[in-house]
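Computed from the coordinates by the stated procedures, all read-outs in this text should not be read as laboratory data. Keep in mind it's a predicted model, so treat the numbers as computed, not measured. Positions of Cβ are backbone-derived with ideal geometry, glycine not excepted, and every protein chain shown enters the neighbour counts.
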Amino acid sequence: MNENRLPLADKRQVRRAAWALLRGDAKALTMVIVLYCLAAVAGLAAPWLLGEIVDRVDSGAGIGTVDMLGLAIAGFLLAQLLFDRFGRYLGYRYGERALARMREDFIDDTLRLPVSVVERAGSGDLMTRSTGDVNTLGTIVRQALPEMVIAAAHIVFILGAVIVLNPLFSLCALLMILPLWLIMRWYLRRARSAYLAEGDANTEMSEVMAATAAGAKTVEAFGLADRRVAAGDATVAEGTRTRRKTLWLRTVMFPVADFSYVLPMAAALFFGGLLYFNDVVSLGVVIAASLYLRQLVEPLDQALMWIEQLQQGGASFARVRGVAEVEPDRVPSGDEPVGDTIEVTGVHYAYTSGRDVLHGIDLSVRAGEHLAVVGPSGAGKSTLGRLLAGVDAPRVGAVKVGGVAVTDLDQAELRRRIALVTQDHHVFIGTVRDNLILAKPTATDDEVLSALGTVGATWLDTLPEGLDTQLGAGHTELDAPQAQQIALARLVLADPHTLILDEATSLLDPTAAREAERALAAVLHGRTVIAIAHRLHAAHDADRVAIVDGGRITELGSHDELVAAGGSYAALWRSWHGETD
Ligand code: ADP
């Protein structure tokens, strides 16, 4: 298992979160409980009235009495129906609201996750939590919660009624409750870990499948199909094993429970008969008591079913709430940067401890400077880019903007200053406006239009509804250059003073359309730009060039200086220039 997986909330945290969720709408919940209790009380009338009928007929009452009692039964049943109907209506509405709150919290928690944590945990984990686990919780909150409350109300009132009728009969209820309690204890002790293991196995399964699908071309190119199939089989086997375990738990628990249900009624009839023949109780009481005990089965069965669901729900909740337990990877120091100069001093960095990939980087980039970073693959350019953008903190040394370490800045504050631009630009489902203002929620339409104008997105005029046009699958689909312009326009709106372009090769591709080039130039104008570049023509246009090799900066200077110095850059330049001339 991946030890970088996102954390699970422990029992105490789950309990606290569940309690907070319930209490979130306390008034509605109280109303629901009151209605359910009224329904349960109304439901008690029928068996008692039936007993009354038997006793009164026994003592010679006429048909009029029976009719009246019969009518009363019908009246109470109707009342029960109405209370039940409104209780359920409010209960389900309450559940939907609680679920909505939980989903919103989950989204907030997810968005707060540090990028590095998500990268290490793998997206499969987050995906399973946000789909499978949230769905399981949906069922719980929508159905299990109201049904559990209904069942609990019934059980309490029915037991109360049996005790009032004759305490002796409550002993019969014990006959059922004892084995039920034992088997549930046995079950619950094993269930949490079993369901957690099942959840983990499912995550593993989606992760392996997703990796295989995402790397399909690589798998094919290197003939890895057999190995990937074997990896898939292994996770499926683990999934089956964990599922069998939970299935086994259920196959032991449910039959024992079913058997326990029939005990009390049998006991009530048997002992009730004895008591009746010894003139301790009337026939009506025996009938009412056995009917009550019979009535107890349904809510108990419901409760058991939902307890089992609650177990799965507990595991899912632990996984969903676990996301909230991720510690922030930085604590803003509150210091305000002075100026926009970027200073990198004595930086070392390792992904795995003991294996530094950066070995003492010193670099100073003044505001407005354009710096190109070039070097062989694996040299550490992207790593440097991540540190400059504050995704990770250096192991030793400091990366500062305006005198403040970038990882000491609040995330939002950091992103207002420094943006990391990579090759992928995502177009979200939503309108053109939605896609842009996520970079600046307060942006006016004029600002949005002007940002699109800056990047030369003239195609906006051809869209049916302008800024209100829906983008994404099933709606208007943008082509790659257009998606790129959306990404660039977002940068214009976000207006950071520094851009780190990490191999944004598609943006810098010399074969790209002229407009794209011009759009990019418009965005870069007036900002500090640190461009990690494949192509040397980007280096040629930059104010300075840094050559990174083996985790160190080996050459640093303007294009002309480096060419004149005759080092590795000069050699690279000569060979590249020679090829393209
Ligand atoms: P470049 O961008 O110059 O190609 P990188 O910064 O991506 O180089 O990588 C520098 C070194 O760090 C390489 O040896 C690479 O294998 C290693 N590396 C990069 N990313 C990770 C990671 N997530 N975990 C472990 N090692 C990594």
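Observations on the model:
- Considering the range 342-580 at the alpha-carbon level, its Rg and Dmax are found to be 18.9, 57 Å.
- Inter-label distance, nm, simple model (7 Å from Cα along the C-beta direction), Arg415/Arg93: 3.6
- For the range 11-325, dividing the convex hull volume of the Cα atoms by the residue count gives 146 Å³ per residue.
- Cβ-derived FRET efficiency at R0 41 Å, Lys11 paired with Phe259, nearest 0.05: 0.85
- Angle between the chain longest axis and helix 445-454 axis [Cα atoms, degrees, rounded to 10]: 40
- When each of Leu35, Leu29, Leu384 is scored by the number of other beta-carbon atoms lying within 10 Å, the sequence from fewest to most is Leu29, Leu35, Leu384.
- Site pair Val236 and Asp362 shows an inter-label distance of 5.9 nm when each label is modelled 7 Å from Cα along Cα→Cβ.
- Residues whose amide H lies under 5 Å from that of His534, counting only those 5 or more places away or on a different chain, are absent; hydrogens are built 1.01 Å from N in the peptide plane.
- Ranked by the mean number of other Cβ atoms within 10 Å of their residues, highest first, the peptides 400-407, 224-231 come out as 400-407, 224-231.
- Arg192-Val229 FRET efficiency (beta carbon distance; Förster radius 30 Å; 0.05 resolution): 0.35
- Spin-label model, Thr554 to Val115: label points 7 Å out along the Cα-to-beta-carbon direction sit 2.8 nm apart.
- As a proxy for reagent exposure, ranking Cys172, Cys37 by other Cβ atoms within 10 Å from fewest up yields Cys37, Cys172.
- You can think of it this way: the chain between Ser450 and Leu77 has 127.5 nm of extra reach, that is 0.36 nm per residue less the Cα-Cα gap.
- Alpha-carbon gyration tensor eigenvalues x 5, square-rooted, for the range 409-461, Å: 21, 14, 12
- Distance histogram for the chain (every C-alpha pair counted, 20 angstrom bins, percent rounded to whole numbers): 15, 36, 26, 15, 7, 1, 0
- Between helix 514-524 and the chain: long-axis angle, C-alpha atoms, 0 to 90°, nearest 10: 80
- Relative contact order (%) - criterion: Cα under 8 Å, at least six apart; region: the chain: 15
- Spherically averaged projected area of the convex hull of Cα atoms, the range 322-472: 12.4 nm².
- Compactness index (Cα Rg / 2.2 N^0.38 Å), the range 230-379: 2.34
- Angle of helix 63-112 to the longest C-alpha principal axis of the chain, folded into 0 to 90 degrees and rounded to 10: 20°.
- Computed lengthening from Phe428 to Ile163, 0.36 nm per intervening residue step minus Cα-Cα distance: 89.2 nm
- Taking θ as phi - 60° and the Karplus parameters 6.51, -1.76 and 1.60, the scalar couplings of the range 214-230 work out to 5, x, 3, 5, 4, 4, 5, 4, 9, x, 8, 3, 4, 5, 5, 4, 4 Hz in sequence order, x denoting glycine and proline.
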